[in-house]
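Notes for the one structure printed next.
The values are calculated or read from the model by the stated rules, or taken from the named source; none is laboratory data. Quick caveat, the model's predicted, so the values are computed rather than measured. So basically every Cβ, Gly included, is an ideal-geometry build from the backbone, and we count neighbours across all protein chains shown. Protein only, heavy atoms only, side chains kept; ligands, DNA and RNA dropped before computing areas. Shrake-Rupley method; radii C 1.70, N 1.55, O 1.52, S 1.80 Å.
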Amino acid sequence: MDEIKLIKKAIKGNEKAFEKLLEIHSDRLYRTAYLYVGNREDALDVLQETANKAFIAVGQLRDERYFLTWLTKILIHCAYDVINKRKKETPAADNIIELIPGKREKLDEALDLVEAIDQLNEQQRNAIILFYYQDLPLTDVAKLMNIPVNTVKTYLSRGKSQLKKLLGGDDYNGKETIS
């Protein structure tokens, strides 16, 4: 069934349509939640809270095209609630494997990347996660962050530069990397 039709049904109160939409976007939402909170249990809690809040408020969604953007914004707020309730901790190496299924040999690189992203300031981290991990267009990232598109571009550029420094830059492991 067409996603827009499902969204329209969900807005009208159809539980099955809303459930199907969550199913469609569950992997993307889980990965985003995981990047914010750093562990499986908290990420699942964030997803559950997001689903609950979104179901209650779905009737207020005005434009069906922005369903995923709207849902992601709710998820981010829920993730910050979880982060504020507990002392932030670095994700355990075992949990990082979930981000890169089938690529155990890349575990060290993934752990380094997650730790480096965690060291970015909040705006840069949000821009990087939304743009690169959620694959949202710049305009949607700008709406979610309530900032102009050019500011998002600045955060992305500065965030990538900072990640490059944190991860070893042009001379990583003695080998020159492509910029």
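When the residues of region 132-163 are narrowed to those that are under 12 Å from the mean Cα position of the chain (by Cα) and more than 15 Å from LEU75 (Cα to Cα), which ends up surrounded by the fewest Cβ atoms within 10 Å (Cβ to Cβ)?
Just the residues of region 132-163 that are under 12 Å from the mean Cα position of the chain (by Cα), to begin with: 132-136, 141, 144.
When the remaining residues are screened for being more than 15 Å from LEU75 (Cα to Cα), the result is 132, 135.
On the way: TYR132: 14, ASP135: 9.
Filtering first and then ranking leaves ASP135.
Mind checking which residues of region 12-24 are surrounded by 15 or more Cβ atoms within 10 Å (Cβ to Cβ), in contact (Cβ under 8 Å) with a residue 40 or more places away in the chain and either touching a Pro at 6+ places or on another chain (Cβ under 7 Å) or more than 15 Å from LYS53 (Cβ to Cβ) (or both)?
Residues satisfying the conditions do not exist here.
Out of (1) open to solvent by 10 Å² or more (accessible area, probe 1.4 Å); (2) in contact with a Phe, Trp or Tyr (Cβ under 9 Å, 6 or more places away or on another chain); (3) of a type outside the set (Ser, Thr, Tyr), what's the single condition that is false for ASN52?
(2)
Taking the conditions exactly as written (out of contact with any Asp or Glu (no Cβ under 9 Å at 6 or more places or on another chain) and touching a residue at least 40 places away in the same chain (Cβ under 8 Å)), does LEU61 satisfy them or not?
Criteria met by LEU61.
Residues being open to solvent by less than 20 Å² (accessible area, probe 1.4 Å) and either of a type in the set (A, V, I, L, M, F, W, C) or more than 18 Å from ILE129 (Cα to Cα) (or both): count how many of those fall in region 25-44.
Residues meeting the conditions: 4.
Residues are listed down the side, and each one gets a yes or a no for (1) farther than 19 Å from THR32 by Cβ; (2) at pLDDT below 85:
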| site | (1), (2) |
| --- | --- |
| ASN84 | no, yes |
| LEU120 | no, no |
| TYR133 | no, yes |
| LEU163 | no, no |
| GLY169 | yes, yes |
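Within region 56-66, is there a residue that is small (Gly, Ala, Ser), at pLDDT below 90, more than 27 Å from LYS164 (Cα to Cα) and more than 15 Å from the chain's Cα centre (by Cα)? Steps first, please.
Going residue by residue through region 56-66, those that are small (Gly, Ala, Ser) are 57, 59.
Filter once more, keeping what is at pLDDT below 90: 59.
Imposing the further condition that a residue be more than 27 Å from LYS164 (Cα to Cα) reduces the set to 59.
Imposing the further condition that a residue be more than 15 Å from the chain's Cα centre (by Cα) reduces the set to 59.
There is at least one residue in region 56-66 that is small (Gly, Ala, Ser), at pLDDT below 90, more than 27 Å from LYS164 (Cα to Cα) and more than 15 Å from the chain's Cα centre (by Cα).
Given the structure, is ALA116 at pLDDT below 85, touching a helix residue (DSSP H, G or I) at 6+ places or on another chain (Cβ under 9 Å), open to solvent by less than 30 Å² (accessible area, probe 1.4 Å) and more than 19 Å from TYR30 (Cβ to Cβ)? Spell out how you get there, then give the answer.
Values: at pLDDT below 85: yes; touching a helix residue (DSSP H, G or I) at 6+ places or on another chain (Cβ under 9 Å): yes; open to solvent by less than 30 Å² (accessible area, probe 1.4 Å): yes; more than 19 Å from TYR30 (Cβ to Cβ): yes.
Yes; evaluated as a whole, the condition is true for this residue.
Quick check on this structure: which one of GLN119, GLN123, GLN134 is closer than 23 Å to ILE83 by Cβ and touching a Phe, Trp or Tyr at 6+ places or on another chain (Cβ under 6 Å)? Steps first, please.
Values: GLN119 fails: touching a Phe, Trp or Tyr at 6+ places or on another chain (Cβ under 6 Å); GLN134 fails: touching a Phe, Trp or Tyr at 6+ places or on another chain (Cβ under 6 Å).
Answer to the selection: GLN123.
Looking at (1) at pLDDT 90 or above; (2) closer than 23 Å to LEU47 by Cα; (3) polar (S, T, N, Q), which one does THR90 not meet, given that it meets all the others?
(1)
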